1. By how many nm would the segment from Asp425 to Glu30 lengthen if fully extended, with 0.36 nm per residue of separation less the alpha-carbon distance?
2. Between segment 250-321 and segment 628-657, what is the C-alpha centre distance in whole Å?
3. A 28 angstrom limit on the alpha carbon distance is what I want to check against. Which of Lys120/Lys256; Lys703/Lys783; Lys496/Lys650 exceed it?
4. With 32 Å as the limit, write out which pairs from Lys95/Lys326; Lys163/Lys782; Lys360/Lys467; Lys321/Lys780 have Cα-Cα distances beyond it, or answer none.
5. Please work out the C-alpha center-to-center distance from segment 515-563 to segment 443-460 and express it in whole Å.
6. Name the trypsin sites (Lys or Arg not before Pro) in segment 56-103 that are in a loop by DSSP and that have at most 11 other C-beta atoms within 10 Å, would you?
7. Based on the mean of other Cβ atoms within 10 Å per residue, sort peptides 177-185, 206-214 so the most packed one is first.
8. What percent do you get for the relative contact order of the chain when only Cα pairs under 8 Å and 6+ apart count?
Amino acid sequence: MKNYFISTLFLFALWNTFSYSQELKLNELEYFETPGINVLVYSNRYNPIFFDEKTAGIELIHHGVRTVTGGAIRLHNTPEQWDLVPSIVDRHVDKANNTISTTLRYDDFDFNSELKVTPKGKGFLIQVILEKPVPQQLVGRAGLNMEFLPPAYWESIYMADGKPRLFPRYPSSDTYIRPKSEKIHQIYDHTTFDDRGRNEFLEPVPISTAKTFVLAPDNPERRITIRSEFEMMFFDGRILAQNGWYVVRSILPAGKTGNVMEWYVEPNAIPDWIRQPVISFSQVGYTPAQQKTAVIELDKNDTPLSTATLYQITADGKEVKRLSGKTDVWGRYLRYNYLTFDFSSVKDPGIYYIEYGGQKTNAFPIDKNVYDGLWHTTMDVWLPVQMDHMTVNEGYRIWHGTPYEDDALQAPLNHKHFDGYSMGDTTDTRFKPFERIPGLNVGGWYDAGDFDIQTGSHNTVVMDLVKIFETFAPNRDMTYIDQQTKYTDLHRPDGKNDMLQQVEHGVLALVAQIENVGHPVRGIIVGNLHQYHHLGDAATITDNLPYNPNLKPYESDGLSSGTMDDRWVFTTRSSFMDYSTAASLAAASRVLKDFNPDLSRRALKCAVDMWNDNINKKQTNERRGFGFGNPNISAALQLYITTREEKYRKVFEDAFWELLNTPAINTNMPGNIPISNGISYAFAVYPYMDAEFHNKLRPFVLKYKEEADAVASQSPYGVPMGGRGWAGNTPIMTWAINNYFVHKYYPDIMDAEYVYRGLNYIFGCHPYSNISFVATIGAKSKKMTYGNNRADFTFIAGGVVPGLLFLQPDFYENKDDWPFLWGENEAIITTATPYIFLSHAVEELAREMNK
Ligand SMILES: [Ca+2]
Ligand SMILES: [Ca+2]
Ligand SMILES: [Ca+2]
């Protein structure tokens, strides 16, 4: 009898396997897969610096869209970015048993838990296994969570034990107050909540509870059933933080070990689902003379078609077939197959669209003027809106008031900040911790979707603007900038060159650091986490009154305030920062010479002072060996160009040739071209050097081309793809800028297509979608970006987003219905300036090519 029973069970198990052979399978890339569903189990992990970015844990790619994340044991109902995240102790992929299990650990509570995911039926089982019971402090706190992307479910319904409920379009569920003594601390004891001195925190209340949730039964692409014997709660995470997701959560039982909890999750799979092809092309269009290639991204189960068609749309709306062309098979790249469609032969100016497999793209132009002035929006709108220490007006709208009138205090010692800054046990200044450093409330830009001054990115932007000015001499004046009254007005000429005004604005901030602190600092940023996540007008992050310790918090005498909200200056000195600031100030002093002679002189003095300080200290070796070369190479180069003094030239040339001849450490970063850093110095100095230098350089330029080709040929887009942690638009643009100089100085080595290709990618010829990554540029462009207005699900025109974030093991993503993923959508100043450069470059090339 016993034997019979066992063999029946065995047969039953076999039958189970067979009957569900269409269901989730563990694939070679170690995630579970069936057409329409991918279940990732800790393929992606929490970020060690920025923690919960909603790209880790048990995740679901549902009919091609990542809609579920954060499957984990968490200590909060609706975890915020800076709430404690578990470390991943181990991850086991058991192919024989078709399971993936991970051990999660909360060090602070000595609490381990194992999550085991196994396909079952049409879905999968999540089991929580504990060796030791939930620690006392975490009873009622530790729970199994899964997070669901709000816009994926908007305008849809869910069912809680059969009762229909609308997904909240905007959060307005309940919270309650708990005493701070009950709060589980956040990362490094920072706090996201401004309790106004009341020692309390907020806890969200569930919107509904059930043992069976069915999300979106009305939408086959999004329908998910979750069942458990344990009560599950449904929360709206946005009630505490605008970037929160919907959360389903069960509290772990107390006092239990072993398999303490199970959830069964069944995402609907549309039978034989095949992802719609993505037909990608440049949303700004093409010039007649340039190469025109669309890239078609196909589901791996899709059958490639041999033709695609280009239609022209006439003025009276007629659609005329212009080219029915053969598609070329490029092959597999990561999770998709690719075709290319070359329609370069079509040169007539006009309006076109591409048709493939019955799908029509939006219309785009072919015309010799398509690249004209594409940088204007970034220069006229986006960059001015980022200006710190100014009020910025546009027509009837104030983008922001004048922020940080109360800059800034010396940062405290031995402090670990939440935005990557830190201080050691010395200030490297004459200031005591929290002492006011005068003169810093001037110039600079919000470096990104946050509002700090990052000195490093300021150096890059000033240098980029100088490079643009010296290469293309743009003469555009569409912005009114008055440093005296701290007022910027968009679309209003003031008789002054906008680019030089922006150089001036950056230099004012950098010179202020050196003149007041004695050297460039790491950065200037708010000290409280509850300030840092600010959304909206930066003029309201602080009270703009200098801190006065003699007053109580939230008390003011009208001139100062007792609220400790002034920004902190992270002052740790490094020769890398000294030299890179010296480089950009030396460069800026050239273009400011006639525009603002006094500032030009001060900038050069600061640069020379930093040079002398560091040369005397012999600190030149810092950061060597990381592919950066000598930290003084760029400073020597710029000081040489500015002063033409031989001593700088000698230092530059020695370091430069050494850098080119040293095999760079290949960091194995995708998209990395080892020689490109050295080669960009070469192009900066090229106009100031003789034929002997140019000839000596040539073999290295050939080597660059070889490396660039090798990296670019790895994907169908013909550009160096990157994108881990931070998507790859900047390196792609840097590559195209280098190519511009190769083409300019060694036209026999590279043609102009190497430049266009970089921008085509930015403008839409990329994976995942065909949207332009520059807000408002192109027929179809980013509608939501991670700017300071992200909570309004909108953009700031001209902002350039990082692009496609690479999620392990094979998924490129750039969401356009959810602005809060900074690695995909955060427009930053150092992405704007390469775009402005490149946009000038193609404007010039198109003029020459299409004469
Ligand atoms: Ca920042
Ligand atoms: Ca102007
Ligand atoms: Ca203040």
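1. Contour length minus the Cα-Cα distance gives 137.7 nm.
2. 49
3. Long pairs (Cα-Cα over 28 Å): Lys703/Lys783; Lys496/Lys650.
4. From Lys95/Lys326; Lys163/Lys782; Lys360/Lys467; Lys321/Lys780, over 32 Å: Lys95/Lys326; Lys163/Lys782; Lys360/Lys467.
5. Result: 17 Å between the Cα centres.
6. Details: sites: Arg66, Arg74, Arg91, Lys95; in loops: Lys95.
Counting only loop positions with at most 11 other Cβ atoms within 10 Å, the trypsin sites (Lys or Arg not before Pro) in segment 56-103 are Lys95.
7. 206-214, 177-185
8. The value is 10 percent.
Bear in mind these aren't lab numbers, they're just calculated from the coordinates by the rules spelled out. These numbers were taken from a predicted model, which means no experiment stands behind them. Virtual Cβ from ideal backbone geometry, glycine too; neighbours counted across all protein chains shown.
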